[in-house]
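Enquirer: Please find one structure pasted underneath; my questions will follow.
The values are calculated or read from the model by the stated rules, or taken from the named source; none is laboratory data. Computed from a predicted model, the values in this text were never measured in an experiment. Glycine also receives a Cβ, built like all others from the backbone with ideal geometry; neighbour counts cover every protein chain displayed. Side chains are part of the model used for accessible areas, which takes the heavy atoms of the whole protein and leaves out ligands, DNA and RNA. Shrake-Rupley method; radii C 1.70, N 1.55, O 1.52, S 1.80 Å.
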Number of protein chains: 2
Amino acid sequence: MVPVYPPAAKALRIIVGVKVSEIGEFGLIERLAAKLAQPPGEDVIVGIGDDAAVWRAGDRAIMATTDTLVEGVHFLPSVAPRDVGWKSLAVNVSDIAAMGGRPMFALVTLALPPDAGMEAVEEMYGGLLRCADAYGVEVVGGDVVSAPQVSITVALMGEAVVRTGEPLLLRRDAARPGDVIAVTGTLGGSSGGLRRLQDGASTDEPLARMHLQPRPPLETAAVAIEAGIICAIDVSDGLLQDIGHICKMSDVSAVVRSNDLPLNPDLRKAYPDDALRLAVSGGEDYELVLVGTRERIDKLEDSISVPLTSIGEVRPRADERVTLVDEDGAVLTTPDGGWDHLRE
Amino acid sequence: MVPVYPPAAKALRIIVGVKVSEIGEFGLIERLAAKLAQPPGEDVIVGIGDDAAVWRAGDRAIMATTDTLVEGVHFLPSVAPRDVGWKSLAVNVSDIAAMGGRPMFALVTLALPPDAGMEAVEEMYGGLLRCADAYGVEVVGGDVVSAPQVSITVALMGEAVVRTGEPLLLRRDAARPGDVIAVTGTLGGSSGGLRRLQDGASTDEPLARMHLQPRPPLETAAVAIEAGIICAIDVSDGLLQDIGHICKMSDVSAVVRSNDLPLNPDLRKAYPDDALRLAVSGGEDYELVLVGTRERIDKLEDSISVPLTSIGEVRPRADERVTLVDEDGAVLTTPDGGWDHLRE
């Protein structure tokens with residue numbers, strides 16, 4: 001049953017002033033965040049602006065994040081439902097990993113058109129549950145609503161490690177000049193996989209799997225916490241843009257060495273001319289950017305099995321937040337920074 | 001950037017087997033819930049199937065729920081954005097109230113078309129924040145995504161009162177034969193208001209406000225907990241359908257006396273012939289149905305200022321879960337049970 005009543009003066013589709021597309025995703029979030037109470041409540045440890053929110057509950061530190069995948073924006077109706085389901089939870093696990101927490105409980109909201117196929121919906125949910133199993137997450141609730149497009153929203157709650165009363169966190173605002181910037185795994189696989197899929201490749205191709213079934217390095221985040229690392233972000237918007245978020249929140253700048261970037265080998269083979277661009281701006285790799293002293297990054301590298309590559313360093317605040325340099329230290333023309341779904 | 005790749009065998013829009021509209025919202029939720037691990041993890045106190053999920057975190061009991069409003073389904077583009085914002089949080093507060101908890105932290109996801117007006121989006125967020133202020137909720141994060149329709153999803157977290165190590169909760173599965181069924185406030189105001197709006201009435205009309213700006217009786221829920229009440233649900237799908245949820249979860253039946261229902265006085269005036277039907281099946285009043293022994297319901301009534309009306313009683317399990325009777329005890333033809341957005 002659809003409510004029908006007279007139009008409001010400032011209805012969402014009757015434009016007064018600027019459109020959200022002129023402001024973009026990050027501008028919009030900034031304007032909305034400015035409306036929130038400052039400072040945050042006393043139990044809030046991390047509010048809006050990081051990968052997840054964190055607050056105290058007794059002697060625990062609860063963590064929560066949410067992410068949505070929308071048909072036609074984040075995936076097309078043609079994608080396999082099980083892959084949509086997996087990814088919808090995996091992107092949230094990535095946010096919890098980027099804060100150094102443990103994901104535990106999920107609420108899952110399915111928005112479905114009435115003509116969606118039940119078998120496909122169950123397959124999508126099954127894909128989500130396989131990801132939940134892989135990361136030790138339990139689905140405890142959610143919502144099902146009718147909508148013209150399929151979308152899936154996951155709210156994921158977890159906890160931070162608490163040591164002598166204080167939560168150990170990986171934050172965006174904890175980078176200091178002199179710190180080393182390192183990244184887990186390889187870069188550009190997701191956007192390379194997307195390109196391959198657009199070129200008609202099978203969804204079973206290794207590069208395509210990087211796009212369809214991201215596997216955030218949750219255990220590495222836990223080891224990083226124990227190694228004394230306190231600054232991180234996940235690679236979602238695009239490597240340079242994500243490092244830019246750290247620089248902004250930490251009031252520093254960064255230099256990234258293009259030669260040291262661990263480009264995905266399949267990406268190099270498939271798109272040799274575009275590999276660097278995709279690796280620095282493609283996004284959605286859901287690897288971890290970890291920032292810390294040389295000593296701590298080295299210590300971490302020694303204690304994990306996944307590749308960890310130093311790719312740059314933190315510098316004092318500068319006009320250019322993130323600079324990409326070649327092997328001679330010459331500044332490369334910065335490719336477009338990354339994704340901003342709302343901006344046209 | 002929209003991913004484009006080959007169609008999957010069981011894509012969501014390529015129907016294999018039945019459509020979700022043939023199964024309906026509740027059938028779908030049942031089928032998905034059946035896929036979850038049983039029994040739930042040891043820290044889970046209440047999993048899927050109640051108004052909110054509850055789990056242990058140290059000596060606290062954390063509560064979480066989520067609800068979505070979709071343009072064209074739950075509201076039209078013509079509704080005032082501030083009212084959409086208010087309601088998006090209020091319906092979640094209602095879920096936490098129906099569990100006897102205190103709402104504390106919210107994640108807000110806005111899905112916006114690129115041509116949405118920035119001023120309207122800020123007004124919508126402002127409406128949500130006014131509701132947050134009214135109920136002591138702090139927004140700590142969220143997501144902004146591009147989508148063809150406006151929708152707003154709130155995940156709301158809170159805590160239950162814990163007494164000697166055990167959380168005090170209002171559950172759907174705790175009704176016992178002999179219990180009294182009572183309801184707060186008045187009924188049918190929301191669906192009466194919707195009807196008035198559809199007839200062209202001003203959004204400032206009192207009945208219209210009942211639909212546009214629900215005010216869940218959060219404090220009453222807290223008093224009910226202290227009065228020893230352990231069973232409740234909020235009036236969202238429709239009174240009889242909501243009482244049906246309690247009966248199903250508690251394995252009991254219920255008799256509701258039509259003569260005792262506290263019909264909204266403005267509703268009686270506006271739609272005298274339809275008032276009863278709207279009150280029992282219209283839904284969205286976001287009042288509380290409280291179920292408990294006569295003694296406890298009386299004790300609660302004495303300690304709150306909002307109206308609490310006894311409207312029926314719990315009976316042993318029977319074929320007909322919920323029966324509506326007139327003043328002579330004759331069974332009224334049961335009107336259609338309530339809302340099911342997915343079913344056609």
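Enquirer: Count charges around A:Val70 for me, please; just the other residues with Cβ under 14 Å from its Cβ, Lys/Arg as +1, Asp/Glu as -1.
Expert: Value of the local net charge: -4.
Enquirer: A further question follows. What does the charge count around A:Arg195 come to, taking other residues whose C-beta lies under 15 Å from its C-beta (Lys +1, Arg +1, Asp -1, Glu -1)?
Expert: My count for the surroundings of A:Arg195 gives -2.
Enquirer: Per residue and in Å³, how big is the convex hull formed by the alpha-carbon atoms of the protein assembly as shown?
Expert: Each residue corresponds to 150 Å³ of Cα convex hull volume.
Enquirer: Report B:Glu122's accessible area, 1.4 Å probe, all protein chains in place, as a number in Å² to the nearest 10.
Expert: Number for this one is 40 Å².
Enquirer: Let me ask another. Between segment A:256-295 and segment A:223-238, what is the C-alpha centre distance in whole Å?
Expert: Comparing the Cα centres of segment A:256-295 and segment A:223-238, I get a distance of 16 Å.
Enquirer: With respect to the axis carrying B onto A, what is the closest chain B residue by Cβ position, and how many angstrom separate it from the axis?
Expert: Reported as residue, whole Å: B:Ala155, 2.
Enquirer: R0 = 35 Å: FRET efficiency of A:Asn259 with A:Glu226, Cβ-based, nearest 0.05?
Expert: It comes out at approximately 0.70.
Enquirer: Give me a single rounded figure for B:34-42: the average over its residues of other chain Cβ atoms within 10 Å of their Cβ.
Expert: So the per-residue partner count for this stretch is 3.
Enquirer: Right, something else. How many Cβ atoms of partner chains, on average, are near each residue of A:187-199 if near means within 10 Å of its Cβ?
Expert: 2
Enquirer: Measuring from label point to label point, each 7 Å out along Cα→Cβ, what is the B:Arg268 to B:Asp115 span in nm?
Expert: The two pseudo-label positions are separated by 4.8 nm.
Enquirer: Here's a follow-up. Quick one: work out Rg over Rh on the C-alpha atoms of chain A, Rh as Kirkwood radius.
Expert: With Rg and the Kirkwood Rh in hand, the quotient comes to 0.97.
Enquirer: So for the protein assembly as shown, if I pair up every lysine 8 or more residues apart or on another chain, how many of those pairs have alpha-carbons under 23 Å apart?
Expert: Lysine pair count for the protein assembly as shown: 12.
Enquirer: I've got another one for you. Considering the zone a paramagnetic label at A:Asp43 would reach in this model (a point 7 Å from Cα along the Cα-to-Cβ line), which residues of segment A:136-175 have amide N under 19 Å from it?
Expert: A:156-163, A:165-168
Enquirer: Turning to a different aspect of this structure: Please give, to one decimal in nm, the separation of the simple spin-label points placed at A:Asp199 and A:Arg277, each 7 Å out from Cα toward the Cβ.
Expert: Modelled inter-label distance: 1.4 nm.
Enquirer: Pull out the extension gain between A:Ala34 and A:Asp319, defined as 0.36 nm times the separation in residues minus the alpha carbon to alpha carbon distance; nm, one decimal.
Expert: Here the answer is 100.2 nm.
Enquirer: List the residues, sorted by chain then number, that are 5 or more residues from B:Thr323 or on another chain and whose placed amide H is less than 5 Å from its amide H.
Expert: Sorted by chain and number, the residues that satisfy this are B:Ala254, B:Val255, B:Val256.
Enquirer: Which distances in nm, rounded to one decimal and ordered from shortest, link the label point of B:Gly136 to the equivalent label points in the other identical copies, with labels set 7 Å from Cα toward Cβ?
Expert: Inter-copy label distances (nm, one decimal, shortest first): 3.3.
Enquirer: Which FRET efficiency value, to the nearest 0.05, is calculated for B:Asp133 and A:Val162 with the Förster distance at 25 angstrom and r the Cβ-Cβ distance?
Expert: For B:Asp133 and A:Val162, the calculated efficiency is 0.25.
Enquirer: Mind telling me which of A:Leu156, A:Leu197, A:Leu240 comes out most flexible in a GNM of chain A, alpha-carbon contacts under 10 Å?
Expert: In this elastic network of chain A, the residue with the biggest mean-square fluctuation among A:Leu156, A:Leu197, A:Leu240 is A:Leu197.
Enquirer: Right, here's the next one. Of A:Val140, A:Val154, A:Val84, which has the largest mean-square fluctuation in a 10 Å C-alpha GNM of chain A?
Expert: Sorting by GNM fluctuation, first place goes to A:Val140.
Enquirer: To continue, here is another question. What shape does segment A:198-253 take by its C-alpha gyration tensor, where a ≥ b ≥ c are the square roots of the eigenvalues and a/c under 1.5 counts as rounded, a/b above b/c as prolate, and the rest as oblate?
Expert: The shape class here is oblate.
Enquirer: Between B:Glu166 and the same site in the other copies, what are the distances in nm, shortest first, taking label points 7 Å from Cα along the C-beta direction?
Expert: Label-point separations across copies, in nm and ascending: 3.9.
Enquirer: Report, for B:Pro177, each distance to the same residue's label point in the other copies, shortest first and in nm; define the point 7 Å along Cα→Cβ.
Expert: Values, ascending and in nm: 7.9.
Enquirer: A further question on this structure: What does the charge count around A:Ile304 come to, taking other residues whose C-beta lies under 15 Å from its C-beta (Lys +1, Arg +1, Asp -1, Glu -1)?
Expert: Local charge sum for A:Ile304: -3.
Enquirer: How much of B:Trp55 can a 1.4 Å solvent probe reach, expressed as accessible area in Å² and rounded to 10?
Expert: 10 Å²
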